[in-house]
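**Student:** This is the structure I have questions about; it appears just below.
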Amino acid sequence: MNEREARFTRLYEAHYRSVFGYVVLRVERQAAEDVTGEVFAVAWRKVDEIPERALPWLLGVARNLARQSHGATDRGRRLVDRLAALTDPADRDAADGVIARDQALAALAALSAKEAEAVTLTAWHGLDPAEGARVAGCSRAAFLVRLHRGRRRLARTLDPPAAEPAGRPTAASEARPSAAAPAGPTVRPLVNTEKP
């Protein structure tokens, strides 16, 4: 095996599952295998041009091939629909971990397609914002906005504020200073809601 073949083999073994996981959320399962195969066919032809950190490059190729092979119709909802399908009640198990997974996937499916893509590229695939922006085909700033909004919406969905019984003061109303009381220190939320 020559060096080129060895590099491709390492690339394939290290990234096949990640590429397939990315593609299967965007196209039908049968088509995902074909698209993933096409990604690695392109990688074979361009193995000498692939950067050292190959996953962002591979996912960019995967995104382009998925878009080309399946047209532009309904492209915006395909990711969200695939995520929602992962929470099908027929596939659920009784284990607590599966319930938590289903809740997380349902929350992720509630995001817009662009927000869900930004969150999955960073959280599931480990890309930094610059790499994620290249894969998503947008500027780094736009990607950071999508990521910020997606994370904020996920946090709100997964950890909603607890409802207080009627007639009892809420923590927020107790924390508000009255006109006679001096203002105390500002309480910051646990989730970062500031713009990037």
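**Student:** Filter region 98-122 down to the residues that are part of a helix (DSSP H, G or I) and at pLDDT 85 or above and list them by number.
**Tutor:** Listed by number, the residues that qualify are ALA113, LYS114, GLU115, ALA116, GLU117, ALA118, VAL119, THR120, LEU121, THR122.
**Student:** Let me ask something else about it. Checking the condition modelled with pLDDT under 85, at positive phi and open to solvent by 20 Å² or more (accessible area, probe 1.4 Å), which residue from ASP88, ASP93, ASP74 passes?
**Tutor:** Residue meeting the stated conditions: ASP74.
**Student:** Could you list, ordered by first residue, the pairs with Cβ atoms under 8 Å in which the first is in region 131-148 and under 14 Å from LEU59 (Cβ atoms) and the second is of a type in the set (Phe, Trp, Tyr), at least 6 apart or interchain?
**Tutor:** As it stands, the answer is GLY132/PHE143; ALA133/PHE143; ALA136/PHE143, since those pairs meet every condition given.
**Student:** Now, a different point. Looking only at region 1-37, count how many residues are part of a helix (DSSP H, G or I) and open to solvent by 80 Å² or more (accessible area, probe 1.4 Å).
**Tutor:** Result for region 1-37: 9.
**Student:** Inside region 38-67, can you point out the residues that are open to solvent by 40 Å² or more (accessible area, probe 1.4 Å) and outside any helix (DSSP H, G or I)?
**Tutor:** If the condition is that a residue be open to solvent by 40 Å² or more (accessible area, probe 1.4 Å) and outside any helix (DSSP H, G or I), then LYS46, ASP48, GLU49, PRO51, GLU52, ARG53 are the ones that fit.
The values are calculated or read from the model by the stated rules, or taken from the named source; none is laboratory data. Bear in mind that the values here come from a model prediction, so they are computed numbers and not experimental data. All Cβ positions, even for glycine, are placed from backbone atoms using ideal geometry, and neighbour counts span all protein chains on display. Each accessible area value is taken on the protein alone, full model and side chains, heavy atoms only, with ligands, DNA and RNA left out. Shrake-Rupley method; radii C 1.70, N 1.55, O 1.52, S 1.80 Å.
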